[in-house]
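In what follows, a single structure is set out as structure tokens and then discussed.
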Amino acid sequence: MREDLGLLLQLQQWDLDTMRLESELNSWAPQRAELVAKVLQGREQAEALKQAWVQLEVARKGLESQIAQLQAMADKYATQQLQTKKNEEYRAFQSQIETTRKNISELETKVLEKMDSEDQTRKKYQKALVANESVEVDCKKRIQSLDDIKKSHVREVQERKVKRSEIADLVEPKLRAVYERMFANKRGHVLVGVDGGSCGGCHIKLPQQLILSCRSDEITNCINCGCMLYYSPEMSI
Ligand SMILES: [Zn+2]
């Protein structure tokens, strides 16, 4: 292989490795966002349970205060009943007392139901808090590790970009300019080998004449994908 193509091949490998690192870096943002979302979702679910618990408590206290009011009414009717001397009034108070007590009894049943729901919701909330704690520890650890890897990759990409110029300076400037323009467009292999008579980039069979030019170390391009071709004796034709 021509020496300049050999150097270009080294530069291309350097660029491909840098590009791989950069694409790995980009893939970390969604992974990290997913972990953050998982933590927030756990917190929101726990908060919703807490709110439900608070609402049940408020509703129960409302019922209890209604019971207290009804109880006061029942007591008042009972006192008035004792004071009356008329049978009709006595019976009317008796009826009101019974209706009020019936209402109190119904409300007391509802209070018990609310207390039961409150208890269940409180347990779910406490369970969610415990579960969240371990999820958060795990997510925070993974986020930290992603951040650490990202930091080291960012540093590595920066170092590679600096070191790239040392490798790129060895390549003949005109060839390098063509390569760089093509690499910027393709974001992948630009210089490919001739493999079994086919282009190593698009795998289309190459005309014999093109292979011969390539073999005689002329700079040639694939007629299909435009990749620069190189030939080395270990490649089968
Ligand atoms: Zn091709």
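A few notes on this one:
- Candidates Leu40, Leu5, Leu49, Leu11: the one that is closer than 30 Å to Val154 by Cβ and either surrounded by 15 or more Cβ atoms within 10 Å (Cβ to Cβ) or at pLDDT below 95 (or both) is Leu11.
- Subset of segment 78-134 [among the aliphatic types (A, V, I, L, M) and without any contact (Cβ under 8 Å) to a residue 24 or more places away in the chain]: Ala78, Leu82, Ala92, Ile97, Leu112, Val130
- Condition met for Thr84 (touching a helix residue (DSSP H, G or I) at 6+ places or on another chain (Cβ under 9 Å), within 30 Å of Ala168 (Cβ to Cβ) and among the hydroxyl-bearing types (Ser, Thr, Tyr)): no
- If you go through segment 185-237 and keep only what is aliphatic (A, V, I, L, M) and without any contact (Cβ under 8 Å) to a residue 24 or more places away in the chain, you end up with Ile204, Leu206, Leu210, Leu212, Ile223.
- The lone exception for Ser198 - which of (1) within 15 Å of the ligand (Cβ to nearest atom); (2) within 40 Å of the chain's Cα centre (by Cα) it fails: (2)
- Lone qualifier among Lys123, Lys174, Lys150 - being modelled with pLDDT of 95 or more, away from the ligand (no atom under 12 Å from the Cβ) and either of a type in the set (Lys, Arg) or in contact with a Pro (Cβ under 6 Å, 6 or more places away or on another chain) (or both): Lys123
- For segment 152-200, a residue qualifies if it is part of a helix (DSSP H, G or I), loosely packed, with under 14 Cβ neighbours inside 10 Å and of a type in the set (Lys, Arg), and the qualifying residues are Arg155, Lys161, Lys163, Lys174, Arg181, Lys186.
- Some residue of segment 63-85 being surrounded by 13 or more Cβ atoms within 10 Å (Cβ to Cβ) and outside any helix (DSSP H, G or I): yes
- Filtered residues of segment 164-194 (kept if more than 18 Å from Leu21 (Cβ to Cβ) and of a type in the set (Val, Ile, Thr)): Val171, Val178, Val190, Val192, Val194
- Of the criteria (1) without any contact (Cβ under 8 Å) to a residue 60 or more places away in the chain; (2) under 30 Å from Lys161 (Cα atoms), which one Met73 fails: (2)
- Within segment 204-231, if we keep just the residues that are loosely packed, with under 14 Cβ neighbours inside 10 Å and assigned to a loop (DSSP other than H, G, I, E, B), the residue that is nearest to the ligand (Cβ to nearest atom) turns out to be Ile204.
- Taken as a whole, the condition of being within 15 Å of the ligand (Cβ to nearest atom) and of a type in the set (A, V, I, L, M) does not apply to Ile167.
- Boolean, Arg60 is modelled with pLDDT under 95, of a type outside the set (A, V, I, L, M, F, W, C) and assigned to a helix (DSSP H, G or I): no
- Residue match in segment 128-135 (condition: surrounded by 15 or more Cβ atoms within 10 Å (Cβ to Cβ), over 16 Å from Thr18 (Cβ atoms), over 24 Å from the mean Cα position of the chain (by Cα) and not polar (S, T, N, Q)): no
The values are calculated or read from the model by the stated rules, or taken from the named source; none is laboratory data. Bear in mind the structure is a predicted one, so any value in this text is a computation, not a measurement. A quick note on method: Cβ atoms are made from the backbone with ideal geometry, for glycine too, and the neighbour counts reach across all protein chains shown.
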